[in-house]
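The values are calculated or read from the model by the stated rules, or taken from the named source; none is laboratory data. Quick caveat: nothing in here was measured; it's all calculated off a predicted structure. Here the Cβ is made from the backbone with ideal geometry for all residues, glycine too, and neighbour counts use every protein chain on show. Side chains are part of the model used for accessible areas, which takes the heavy atoms of the whole protein and leaves out ligands, DNA and RNA. Shrake-Rupley method; radii C 1.70, N 1.55, O 1.52, S 1.80 Å.
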Amino acid sequence: MSTRPGIGIYAPSGFALEPAALDRAVARFVERGHPVVVDPTCLSRHQRFAAPDAERLAAVRRMAGDPRVDIAITLRGGYGWSRLLPHLDFAALAASGTRWLGYSDFTAFALGALAQGGMTTLAGPVAASDFGAVTPCAFTLDHCFGVLEHAQHDVQCALDGPDRAVAGTLWGGNLAMVAHLVGTPFMPEVQGGILFLEDVGEAPYRIERMFQQLLLAGIVQR
């Protein structure tokens, strides 16, 4: 019997752009000894989403309620989590003990979970784009599996700038999603935290505008 954490793959946002990527992701998890549960939303499409709102919401609950799933990993990003936030029972999701992993649109869920009950989530690779890539990034997979499969893991990476010792709640995610949640009950108020941000395909003026929004809202100052 496998001692690796069970992996659940579900699609709370966009539909699968390349079904073969899901197969590759599953194969990589199985190769490392992880049991895998693939939710039906990974194989469907509704308009620009993987499934209607109610079905994608049900997928989140299935991940939390399935005893075979220790870690729930999003199929991909896209758009869709924002529509689900008001209907999520974050206390019940936290009580399930499931760990949640993703990035991009997943940021909405991650920040909502932190704001609504201090629930910790993991910012990291998604099933299709990363685990299912034809040639995956070794750095990404090595460190992600290091976190998922061990109680403690050190990440070594080179950053430009002077060395600094900092401590605090690590939070953030996709810049557009962080800015999008300002003024909503799903935006956490983190005091003295370490804010990380990522985004792609945005014009420089839009990046500046979103940073200005975070500044004017007092988030950067905290």
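Okay, residues lined up against (1) in a helix (DSSP H, G or I); (2) open to solvent by less than 20 Å² (accessible area, probe 1.4 Å); (3) aromatic (Phe, Trp, Tyr):
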{"residue": "54", "(1), (2), (3)": "yes, no, no"}
{"residue": "67", "(1), (2), (3)": "no, no, no"}
{"residue": "72", "(1), (2), (3)": "no, yes, no"}
{"residue": "104", "(1), (2), (3)": "no, no, no"}
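Let's see how each residue does on (1) assigned to a helix (DSSP H, G or I); (2) open to solvent by 10 Å² or more (accessible area, probe 1.4 Å):
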{"residue": "3", "(1), (2)": "no, yes"}
{"residue": "9", "(1), (2)": "no, no"}
{"residue": "12", "(1), (2)": "no, no"}
{"residue": "23", "(1), (2)": "yes, yes"}
{"residue": "83", "(1), (2)": "yes, yes"}
{"residue": "94", "(1), (2)": "yes, yes"}
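For the stretch 78-119, a residue qualifies if it is of a type in the set (S, T, N, Q) and closer than 20 Å to residue 184 by Cα, and the qualifying residues are 82, 104, 107, 116. Filtering 170, 148, 175 for residues that are farther than 20 Å from residue 79 by Cβ, aliphatic (A, V, I, L, M) and open to solvent by less than 80 Å² (accessible area, probe 1.4 Å) leaves a single hit, 148. Checked against (1) open to solvent by 50 Å² or more (accessible area, probe 1.4 Å); (2) within 18 Å of residue 123 (Cβ to Cβ); (3) not in a loop (DSSP other than H, G, I, E, B), residue 200 passes all but a single condition, namely (3).
Filtering the stretch 1-40 to residues that are under 18 Å from the mean Cα position of the chain (by Cα), farther than 27 Å from residue 83 by Cα and of a type in the set (Gly, Ala, Ser) leaves only 6. Listed by first and then second residue, the pairs linking a residue in the stretch 104-115 that is under 19 Å from residue 128 (Cα atoms) and among the β-branched types (Val, Ile, Thr) to a residue that is in a helix (DSSP H, G or I) and open to solvent by 10 Å² or more (accessible area, probe 1.4 Å), with Cβ atoms under 6 Å apart and 6 or more places separating them unless they lie on different chains, are 107/177.
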